[in-house]
Amino acid sequence: MAGRAQPSGGPGPGLLPLLLLLLSAAAVIRTGEGQNLVTEDVTVVEGDVATISCRVKNSDDSVIQLLNPNRQTIYFRDFRPLKDSRFQLVNFSNSELRVSLTNVSVSDEGRYFCQLYTDPPQEIYTTITVLVPPRNLVIDIQKEVAVEGEEIELNCTAMASRPATTIRWFKGNKELTGKSEVEQWLDMYTVTSQLVLKVGREDDGVPVICLVDHPAVKDLQTQRYLEVMYKPQVRVSQNYPVQGLTREGEPLELTCAAFGKPQPTDMRWLRVDDEMPQHVVVSGSNLLISNLNKTDNGTYRCEASNAVGKSHADYMLFVYDTTATTEPAVHGFTHLPNSAEELDYGDLSGTPVLLNASTEALPTMHLSNASLAFRPDSRAGEEGVIRSVDHAVVGGVVAVVVFAMLCLLIILGRYFARHKGTYFTHEAKGADDAADADTAIINAEGGQNNSEEKKEYFI
């Protein structure tokens, strides 16, 4: 038709800029090492600010552009086409485009592209990695209150972290080893660590700490304090006499102190393997003998009990004569484990300080009269055993000496007996065959029968 423009077969005027943009985008290539465009990867904690920098080494006034992982333009020069106010321009020049992203979330993670419109165009990407700290850290304990010797289970859970966290256990200042399990839900990880712990009385009041190792957080930890019940710790202290031997006619005063959890409610004195003497006065935790005599010798025991069990401490008494002056270096306090359980758990309650390290846990208020306890004491029952052993040794030595002397006397007697006999004098030699004395002398001096004249008689 006349007067109507014919199609030219080429793109319309409005399509030309779009076509040029597509062609330039198709020609964009990723830059390698040594090219003109540089950037760095970014690691940021969720909720913080990430800064993306696109820099040009040798600027030639080319256009710098920043695109998000969906290839949407965030900034073209200093203009922001993307309607997201979290992106803010930090710096723009011919050599750098720097943009900040506030309140970063996991959805912002990915590759962001820096483009430089040169001939040919250049492109490089930076990766934003978002770290998510654990949202909650909780310790669950199997038993709120445990008894010494029991095994308890503790679980520490760190929820919804990225990447998965590492959990460490501490009891006081000592690091322990737990068993961890990791569960993944979408892009988040939940870690649970289990710790099995055998508790003793020394663990009462000690904190168990769950500590998190994670790149998004520092010093994140939680703790629970152990509560352990245990049998009483018992010990006997001597109030009087302060020093010296326990002699007849003198007084003796003992005090029993006990500490446990719960606090012991029952405490009593008894005499082991015998009845308590009638003149012994027991008042609460004190035992008093006003006038000692040898019938008081024996082992005196203080027993204490609570809801967990029973323990005791022994005092072995030996009464000396009033003339005794030597004080032996032995203790009057002894203790044996009440059961095999005490051996397993190191329970030496009631043992003297020199033998029981756990007695340091006894509070001072419970030991007001116990400061003199567990010194060398001559009144120990062991001393009677030692003295008996000494007497036996002395008796044995005396018996050996007497036996040796008797043997010596017998040997000497036999010796002298064997050398006893009858002998003739020189003048009497040959006297039996001589008629008179002169002839006997002549025969003794040179007679031929001299060898036959000597006679010996043995008994």
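Would you list Glu227, Glu96, Glu46 from the most to the least accessible area, probe 1.4 Å?
Correct descending sequence by accessible area is Glu227, Glu46, Glu96.
From the phi angles alone, apply the Karplus equation (6.51, -1.76, 1.60; θ = phi - 60°) to segment 283-293 and give each ³J(HN,Hα) in whole Hz, x where the residue is Gly or Pro.
Couplings: 10, x, 8, 9, 10, 10, 10, 7, 9, 6, 8 Hz.
In nm, to one decimal, how far is the modelled label at Val49 from the one at Thr323, with both set 7 Å along Cα→Cβ?
That separation, rounded to one decimal, is 10.0 nm.
Which semi-axis lengths, in whole Å and largest first, follow from the square roots of five times the eigenvalues of the Cα gyration tensor of segment 120-224?
37, 13, 9
To the nearest 10 square angstrom, how much accessible area does Thr177 have with a 1.4 angstrom probe?
The value for Thr177 is about 120 Å².
State the percentage of accessible surface on segment 182-221 attributable to carbon and sulfur atoms; use a 1.4 Å probe and exclude ligands, DNA and RNA.
Of all accessible area on segment 182-221, carbon and sulfur atoms account for 50 percent.
Using θ = phi - 60° and the Karplus form 6.51 cos²θ - 1.76 cosθ + 1.60, what ³J(HN,Hα) does each residue of segment 65-71 get, whole Hz, x for Gly and Pro?
9, 10, 10, 8, x, 8, 6
Note the full-extension length gain between Val63 and Lys218 as 0.36 nm times their separation in residues minus their Cα-Cα distance, in nm to one decimal.
That pair, Val63 and Lys218, stretches by 51.6 nm at full extension.
Any chance you could run the full-extension gain for Ser283 through Val90? It's 0.36 nm times the residue separation minus the Cα-Cα distance, nm to one decimal.
Gain in length upon complete extension: 60.9 nm.
Probe 1.4 Å, all protein chains in place: accessible area of Lys310 in Å², nearest 10?
My reading of the accessible area for Lys310 is about 110 Å².
Computed over the Cα atoms of segment 163-307, what is the convex hull's projected area averaged over all directions, in nm²?
That works out to 13.6 nm².
Work out the FRET efficiency for Gln72 and Val182 from their Cβ-Cβ distance, taking R0 = 45 Å, and round it to the nearest 0.05.
0.80
Could you report the accessible area of Asp219 in Å², rounded to 10, computed with a 1.4 Å probe on the protein chains as they sit in the structure?
140 Å²
Top to bottom by accessible area (1.4 Å), largest first, where do Leu137, Leu406, Leu154 land?
Accessible-area ranking of Leu137, Leu406, Leu154, largest first: Leu406, Leu137, Leu154.
Please get the size of the charge dipole for segment 176-329, origin at its Cα centre, with Cβ charges of +1 on Lys and Arg and -1 on Asp and Glu, quoted in debye to the nearest 20.
Computed about the Cα centre, the dipole is about 120 debye.
Using the C-alpha atoms of segment 267-324, what convex hull volume per residue, in cubic angstrom, is computed?
Hull volume over Cα atoms, normalised by residue count, gives 85 Å³.
Each label point is 7 Å from the Cα along the Cα-to-Cβ direction; what then is the distance between the points at Gln194 and Asp119, in nm?
Placing both labels 7 Å along Cα→Cβ, they lie 7.1 nm apart.
Suppose the chain between Ser105 and Asn155 were pulled fully straight at 0.36 nm per residue; how much longer would it get relative to their current alpha carbon spacing?
Result for the pair: 15.1 nm of gain on full extension.
Which trypsin sites (Lys or Arg not before Pro) in segment 211-244 sit in a loop by DSSP (not H, G, I, E or B) and have at most 12 other Cβ atoms within 10 Å of their own Cβ?
none
Going by amide H atoms built from the backbone, whose H comes under 5 Å of the H on Asp187, apart from near neighbours?
Those lying under 5 Å, H to H, from Asp187: there are none.
The values are calculated or read from the model by the stated rules, or taken from the named source; none is laboratory data. These numbers come from a predicted model, not from an experiment. Positions of Cβ are generated from backbone atoms using ideal geometry, with glycine treated the same way; all protein chains shown enter the neighbour counts. When the accessible area is computed, the model is the full protein with side chains, heavy atoms only, and any ligands, DNA or RNA have been set aside. Shrake-Rupley method; radii C 1.70, N 1.55, O 1.52, S 1.80 Å.
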